[in-house]
Amino acid sequence: MGFTMGLNLVLLLAMVATNILSLYHLSSTSLLSSPKPPTPQQVPDQLLHQLQTIRATINHLTRHQPPPTTTTSTSASTIPQDLLLYSRLSPIASSCHNHPDLIHQYMSYTPFTLCPLDTQLQETLILRGCHPLPRRRCFSRTPPKPSSSLALNPFGPLLDSNVIWTNYNCKSFSCLVKQNPNLGFDPASEKSSSFLNFKTELDLPVPQLFQIAKAANFVIRLGVDVGGATGSFAARMKLYNVTVLTTTMNLGAPYSEAVALRGLVPLHVPLQQRLPIFDGVVDLVRCGHAVNRWIPLTMMDFLFYDVDRVLRAGGYLWLDRFFSKEVDLEKVYGPLIGKLGYKKVKWATATKNAKTGDVYLTALLQKPVSK
């Protein structure tokens, strides 16, 4: 699928490149002062570099455009009208262009009516880099019989009636708990234990975290939990009057809904997405089980530097049970983390699987006060 925006951008870049070169020649003093025909002038390297960059961008965009067709009306009619309209109003993530069939399906809906039940399609597009998704002019669906009130206690029960279960195999939270009690869909069972106990060196109880921060004359008020599942960490921190945003993906279960039902804020973003948070405003970033050796190394590198971007001076990065091969932790991930230049407040490892050589790492790292 080709988008009108892409074609317009190609034409705009071509016009800019032509105008830059023309402006350079027209602004030359030799053209104004000498009546003789001007001699060819050397174009500055900086200008050439800019022109080459624009040319490369044009080539990249044109490679992703569909082959020309003899009848434009036929091809245009196959593109959902709201997709064409939206592309004129706002930019679409570049990766969306790489999945025309999926984005076509996502935008094929009837405007001003109920939105399709396509959570799985949304997740697929987001995981493939099409994020943020284009806006749609339809009404979001709501559960048929939602509860009239919600519990203020973040460790209260999760009510099934507040979730649309159509796209999930399980049709209740009890089903999810039965399948895997460790997924966090039973908040009541976590009230007296989650992030409070110290059983091994891998544990970092929240009270100990606050003691560390207090000793460093640092206050924890705002945090982000990357891949925080159902928001268990954010729920614990809420009891300490700390606001923690939880990044979630609904992979096979209503994680985002569970976070919201606990009175917490879910951020529906994938790990490869830039955190939608301003620079230098967060006190703490926790990376749980979602951040591990399965993430491509380059993506992890960008993730850590994005964490550095949002952390304020003196803020903490908490890697909670990061797992990898022991040899990779020593030769790959250790140096990768070390590039940040953070102070190692805690660095503890333990065996995860002796046969495979997998180990856990729990690390609490403090960003320098000044760089």
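The values are calculated or read from the model by the stated rules, or taken from the named source; none is laboratory data. Note that the coordinates shown come from a computational prediction; the quantities given were computed from them, not determined experimentally. All Cβ positions, even for glycine, are placed from backbone atoms using ideal geometry, and neighbour counts span all protein chains on display. Surface accessibility is based on the protein's heavy atoms, side chains included, excluding ligands, DNA and RNA. Shrake-Rupley method; radii C 1.70, N 1.55, O 1.52, S 1.80 Å.
The numbered conditions (1) more than 18 Å from GLN366 (Cα to Cα); (2) of a type in the set (Gly, Ala, Ser); (3) over 19 Å from the mean Cα position of the chain (by Cα) are all true for ALA313 except (1).
Can you pull out every residue in segment 261-294 that is among the aliphatic types (A, V, I, L, M) and either buried (at least 17 other Cβ atoms within 10 Å of the Cβ) or in contact with a helix residue (DSSP H, G or I) (Cβ under 6 Å, 6 or more places away or on another chain) (or both)? Matches in segment 261-294: LEU261, LEU264, LEU267, VAL269, LEU271, LEU275, ILE277, VAL282, LEU284, VAL285, ALA290, VAL291. Just one of the listed residues (VAL307, VAL291) is within 26 Å of HIS131 (Cβ to Cβ), at pLDDT below 95 and of a type outside the set (Asp, Glu), namely VAL291. Close Cβ contacts (under 8 Å, 6 or more residues apart or on different chains) running from residues in segment 149-175 that are within 17 Å of VAL265 (Cβ to Cβ) and among the polar types (S, T, N, Q) to residues that are open to solvent by 50 Å² or more (accessible area, probe 1.4 Å) and outside any helix (DSSP H, G or I) comprise ASN162/PRO146; ASN162/LEU150. Whether a residue is open to solvent by 40 Å² or more (accessible area, probe 1.4 Å) and either modelled with pLDDT of 85 or more or in contact with an Asp or Glu (Cβ under 6 Å, 6 or more places away or on another chain) (or both) was assessed, and PRO91 does not pass this test.
Quick check on GLY156: is it open to solvent by less than 80 Å² (accessible area, probe 1.4 Å) and at positive phi? Spelling it out, it is not the case that GLY156 is open to solvent by less than 80 Å² (accessible area, probe 1.4 Å) and at positive phi.
The set of residues from segment 240-258 being in a loop (DSSP other than H, G, I, E, B) and either more than 28 Å from GLN208 (Cα to Cα) or open to solvent by less than 10 Å² (accessible area, probe 1.4 Å) (or both) comprises VAL242, THR248, MET249, ASN250, LEU251, GLY252, ALA253, PRO254. For beta carbons closer than 7 Å, sequence separation of 6+ or different chains, a first residue in segment 291-306 that is under 17 Å from ASP358 (Cα atoms) and a second that is among the aromatic types (Phe, Trp, Tyr), the qualifying pairs are VAL291/PHE322; ASN292/PHE322; ASN292/PHE323; ARG293/PHE323. Just to verify a result, which residue in segment 300-342, among those that are of a type in the set (Lys, Arg) and either outside any strand (DSSP E or B) or out of contact with any Lys or Arg (no Cβ under 8 Å at 6 or more places or on another chain) (or both), is surrounded by the most Cβ atoms within 10 Å (Cβ to Cβ)? Filtering first and then ranking leaves ARG321. Restricting segment 220-239 to residues that are part of a loop (DSSP other than H, G, I, E, B) and over 21 Å from the mean Cα position of the chain (by Cα), the residue that is nearest to GLN366 (Cα to Cα) is ILE220. Scanning segment 343-371 for residues that are within 16 Å of LEU209 (Cβ to Cβ) and open to solvent by less than 60 Å² (accessible area, probe 1.4 Å) returns VAL345, LYS346, ALA348, THR362, ALA363, LEU364, LEU365, GLN366, LYS367.
The set of residues in segment 125-157 that are closer than 30 Å to MET237 by Cβ and over 26 Å from the mean Cα position of the chain (by Cα) comprises PRO143, PRO146, SER147, SER148, SER149, LEU150, ALA151, LEU152, ASN153, PHE155, GLY156, PRO157. Within segment 94-134, restricting attention to residues that are in a loop (DSSP other than H, G, I, E, B) and among the aliphatic types (A, V, I, L, M), which residue is surrounded by the most Cβ atoms within 10 Å (Cβ to Cβ)? Among those that are in a loop (DSSP other than H, G, I, E, B) and among the aliphatic types (A, V, I, L, M), it is LEU133.
Among the residues of segment 139-151, those that are assigned to a loop (DSSP other than H, G, I, E, B), at pLDDT 90 or above and either farther than 17 Å from ALA260 by Cβ or open to solvent by 60 Å² or more (accessible area, probe 1.4 Å) (or both) comprise SER140, ARG141, THR142, PRO144, LYS145, PRO146.
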